[in-house]
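Visitor: My questions all concern the structure below.
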Amino acid sequence: MDLLKPLALALLASTALAPDAAMAGPQKAASSQKTAKPSPSLQAQLQQAQAQMARMQAQIDALEKKLTALAPAKPADAPVLAEGQSAPETPTLAAAAETARHADATATQALASAEKAQGAIALTQRAVAATKWAANTSISGEMFLNLSNITQHSGGANNPASGVGVNLKRAFLGVNHRFSSKVSAAILLDADNVTGQPSTVNPLTSASGLVGKGVYVRNAYGEVKLHPALTIRLGAAEMPWISYAEGAENQRHVERSLLERVGYGNPADWGVHLSGDFLRQGDTSLSYGLAVVNGGGYRQARVTKSMDIEARLSGTWKGFYAAAGGYYGKRGNDIESIAGTTASSFRTATRIDFMGGYKNSVIGIGGEYFFARDWNNVAVNPALFALSQDTASGWSGFAHYNLSRQWRAFMRYDQVHPNRMTVRELQDDLFVGGLQFSPLKYVDLALVYKRETVNGGSLATSNGVVGCGTVATPNAFATVSGPSALCKGNGTYDEVGLFTAIRF
């Protein structure tokens with residue numbers, strides 16, 4: 001300890017005298033002049049240095065006393081330590097070392113506990129995030145199954161579609177996720193026949209093209225709700241009219257709505273879809289739907305030179321409901337032609353729609369009407385076919401009566417004239433009646449009888465090709481062809497079966 005005192009004093013002295021050394025040069029330069037007394041500022045610096053040295057001396061003395069008290073006197077008979085051998089710890093120093101070791105172990109244990117807690121917190125945060133995602137995500141499904149006996153005649157002869165069996169008319173599986181109160185996304189998969197033929201078609205051979213069920217993307221869109229009067233969907237979504245008609249009738253598992261049944265409308269398509277409520281107060285509402293789409297349906301996301309438009313305006317008042325709408329476009333046929341080739345579209349398809357009715361908790365009654373022009377003649381070249389223009393019309397009336405909370409009786413009648421200009425006598429009539437039992441909230445079981453008749457030719461509908469021949473009068477379910485494909489005659493389709501709808 002005695003060696004520390006001179007070293008500290010020397011260090012402080014060098015610090016305090018540094019200003020004098022800095023002034024040595026100027027003083028030598030003025031050696032010819034009389035030596036001047038130190039300036040007041042220099043004297044102050046010297047006094048400050050002396051005070052610092054006194055304080056340091058006091059600290060060194062105090063430290064020496066503490067070390068002396070801690071280090072016990074060496075016993076006279078203390079053994080002489082060999083070179084490199086350390087002296088044993090005194091009791092006081094041993095206790096201090098033990099305290100230090102205990103503190104180190106405690107710190108290590110605390111660190112491990114903190115790391116474990118951080119891991120648990122991270123796991124909890126992931127669980128909370130997963131729970132939040134699940135709470136904002138919904139999965140839904142729907143299946144239309146039936147066990148039916150079908151009897152079909154074409155021109156009085158039995159048709160190969162006759163028989164008995166179980167059929168999956170449709171299956172839907174959807175996922176919807178809500179990112180916020182305004183932003184969401186949805187996807188809906190649709191299981192149907194791989195070809196464009198309806199599910200009831202019974203192929204004669206494996207070469208007929210019907211190879212089983214396929215899964216299609218019916219809905220895939222992002223949605224933004226900016227206002228009750230403005231919801232925007234981008235992608236494949238339900239079209240304004242058919243979705244509204246299905247909701248009004250509420251028997252989709254038994255039969256498709258009028259337009260979809262005869263192929264004069266798409267249930268879903270790719271494009272921009274707008275919807276909203278101008279007014280909604282109690283049982284009074286005024287809403288709309290507007291879609292700017294590709295026109296080829298949800299199975300054909302094709303790029304064309306123009307897009308189609310479908311619109312609907314609807315309202316309700318004290319149980320009454322009414323809607324009007326229309327369609328305008330090329331139906332996905334307005335494709336860019338290669339130089340020197342024939343154009344792909346020649347006409348513009350148009351359609352107007354009306355629907356109205358009344359329903360409450362006991363009864364429901366309603367009707368639908370449409371008129372279409374050149375719906376199936378957009379791609380018909382007038383230079384090749386004389387029948388290049390046409391019109392179509394149809395109506396549907398439906399009603400139901402709720403016998404109880406679980407039992408419902410229902411019926412429906414459709415009449416369609418698909419070729420009012422080219423085949424005036426062609427007419428399609430459909431009757432559907434049945435009794436439905438709903439044992440559970442999301443399960444419907446219906447005993448159904450259907451009869452469809454086609455006179456003056458043949459027509460492809462959701463029940464297959466009904467009529468006198470194997471080639472249908474041109475419509476959305478069949479390739480457009482010339483007058484030679486038309487036939488004269490009649491056909492019938494009768495079906496009795498158990499139709500089910502299972503939703504989850």
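Visitor: Could you derive backbone 3J(HN,Hα) for the stretch 154-160 from the dihedral phi with the Karplus parameters 6.51, -1.76 and 1.60 (θ = phi - 60°), listing whole Hz in sequence and x where the residue is Gly or Pro?
Guide: With coefficients 6.51, -1.76 and 1.60, one gets 10, x, x, 9, 5, 9, x Hz.
Visitor: From the backbone phi of the stretch 262-274, what are the Karplus-calculated ³J(HN,Hα) couplings (6.51 cos²θ - 1.76 cosθ + 1.60, θ = phi - 60°) in whole Hz, Gly and Pro given as x?
Guide: 9, x, 10, x, 9, x, 8, 7, 8, x, 10, 10, 10
Visitor: Under a crude label model (7 Å from the Cα following the beta-carbon direction), how far is residue 234 from residue 363 in nanometres?
Guide: Label at residue 234, label at residue 363, 4.8 nm between them.
Visitor: I would also like to ask the following. Would you please give the residues with an amide H less than 5 Å from that of residue 170, counting only those at least 5 places away or on a separate chain, with H modeled from the backbone geometry?
Guide: Here 144 satisfy the definition.
Visitor: Across the stretch 222-234, in residue order, what do the Karplus-derived ³J(HN,Hα) couplings come to in whole Hz, using 6.51 cos²θ - 1.76 cosθ + 1.60 with θ = phi - 60° and x for Gly and Pro?
Guide: Along the stretch 222-234, the couplings run x, 10, 10, 9, 7, 6, x, 9, 8, 10, 10, 10, 10 Hz.
Visitor: Can you tell me the length gained on complete extension of the stretch residue 424 to residue 183, counting 0.36 nm per residue apart and subtracting the Cα distance?
Guide: The span from residue 424 to residue 183 would gain 81.8 nm if fully extended.
Visitor: Can you check what the net charge comes to around residue 430, using other residues whose Cβ is under 12 Å from the Cβ of residue 430 (Lys, Arg +1; Asp, Glu -1)?
Guide: -2
Visitor: May I ask you to sort 166, 380, 454 by Cβ crowding, counting other Cβ atoms within 10 Å and putting the fewest first?
Guide: Going from least to most buried by this count: 166, 380, 454.
Visitor: At a Förster distance of 30 Å, what's the computed FRET efficiency of residue 147 paired with residue 280, Cβ-Cβ distance as r, to 0.05?
Guide: Efficiency for this residue pair is about 0.15.
Visitor: Here is a further query. What does the charge dipole of the stretch 139-503 about its Cα centre add up to, to the nearest 20 debye, if the Cβ of each Lys and Arg holds +1 and the Cβ of each Asp and Glu holds -1?
Guide: Dipole about the Cα centre, nearest 20: 560 debye.
Visitor: How many percent of Cα pairs in the stretch 139-503 exceed 36 Å?
Guide: Here the long-distance tail beyond 36 Å is 20 percent of all Cα pairs in the stretch 139-503.
Visitor: Quick check: residue separation of residue 226 and residue 384 times 0.36 nm, minus the Cα distance between them. What number comes out in nm?
Guide: Additional length available on full extension: 51.9 nm.
Visitor: I've got another one for you. Whole angstrom only: what separates the Cα centroid of the stretch 385-457 from the Cα centroid of the stretch 148-176?
Guide: 15 Å
FYI, it's all coordinate maths here, none of it is from the lab. This structure is a prediction, so every number in the text was calculated from the model and none was measured. No Cβ is skipped: glycine too gets one built from the backbone with ideal geometry, and neighbour counts run over all protein chains shown.
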